[in-house]
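Derivation of every value follows stated rules applied to the coordinates shown; laboratory data play no part. On a predicted model such as this, the values are computed, not experimentally measured, just so you know. A quick note on method: Cβ atoms are made from the backbone with ideal geometry, for glycine too, and the neighbour counts reach across all protein chains shown.
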Amino acid sequence: MEQDHRVKFVLDAFDTLFNQRDYVAAEHLWSAQHIQHSAHIPPGRDGLFDLVKGLPATLRYENHVAAASGDLITLHGRFSGIGAPAAWVVADIVRLKNGMLAEHWDVIQAEATQAQLHSGLPMFGDRFSA
């Protein structure tokens, strides 16, 4: 099945900001009036960009599942190399407006090891990270 253009846009935006750290390009993807609902991210586009600038160079975003419904895109991904004991597995929800990321919500959980999970199944992907 062909990937939805809205999903591709958001995945490309996440890659641009979190993996490539291309802030100039990211300014064309995130609205200047960006609304932030995350407890971990300061307000606005600048709050997000400043947060990313302060994270280790090892920061990496990987996506596992993405879905679109109207102007909302939901991503299930992993942020690793964040300088914490465990990677974060995150459900990000973004709202698109006028071809840009205009609003963001998230649910964040530290990635558990196989021994910590009652199900024995990985929280991200189909196998446990090393």
(request) Looking at (1) more than 18 Å from Phe9 (Cβ to Cβ); (2) assigned to a strand (DSSP E or B); (3) in contact with a helix residue (DSSP H, G or I) (Cβ under 8 Å, 6 or more places away or on another chain), find the lone condition where Gly120 falls short. (result) (2)
(request) Go through region 42-67 residue by residue and tally those that are aliphatic (A, V, I, L, M) and touching a Leu at 6+ places or on another chain (Cβ under 9 Å). (result) 5
(request) Within region 6-28, identify whether any single residue is of a type in the set (Phe, Trp, Tyr) and part of a strand (DSSP E or B), and answer yes or no. (result) no
(request) Tell me which of these Phe18 doesn't satisfy, since it passes every other one: (1) surrounded by 15 or more Cβ atoms within 10 Å (Cβ to Cβ); (2) touching a residue at least 24 places away in the same chain (Cβ under 8 Å); (3) closer than 15 Å to Trp105 by Cα; (4) not polar (S, T, N, Q). (result) (3)
(request) Would you check which residues across region 65-84 are more than 9 Å from the chain's Cα centre (by Cα) and outside any loop (DSSP other than H, G, I, E, B) and list them? (result) Val65, Ala66, Ala67, Ala68, Ser69, Leu72, Ile73, Thr74, Ser80
(message) Quick test for you: out of Val90, Val52, Val65, Val24, pick the one residue that is among the β-branched types (Val, Ile, Thr), in contact with a strand residue (DSSP E or B) (Cβ under 6 Å, 6 or more places away or on another chain) and surrounded by fewer than 17 Cβ atoms within 10 Å (Cβ to Cβ).
(response) Val65
(message) Tell me the residue from Ala32, Ala57, Ala25, Ala67 that is within 15 Å of His104 (Cβ to Cβ) and of a type outside the set (Ser, Thr, Tyr), please.
(response) Ala32
(request) Inspect region 50-64 for any residue being out of contact with any Lys or Arg (no Cβ under 9 Å at 6 or more places or on another chain), assigned to a loop (DSSP other than H, G, I, E, B) and on the phi > 0 side of the Ramachandran plot and give the result as yes or no. (result) no
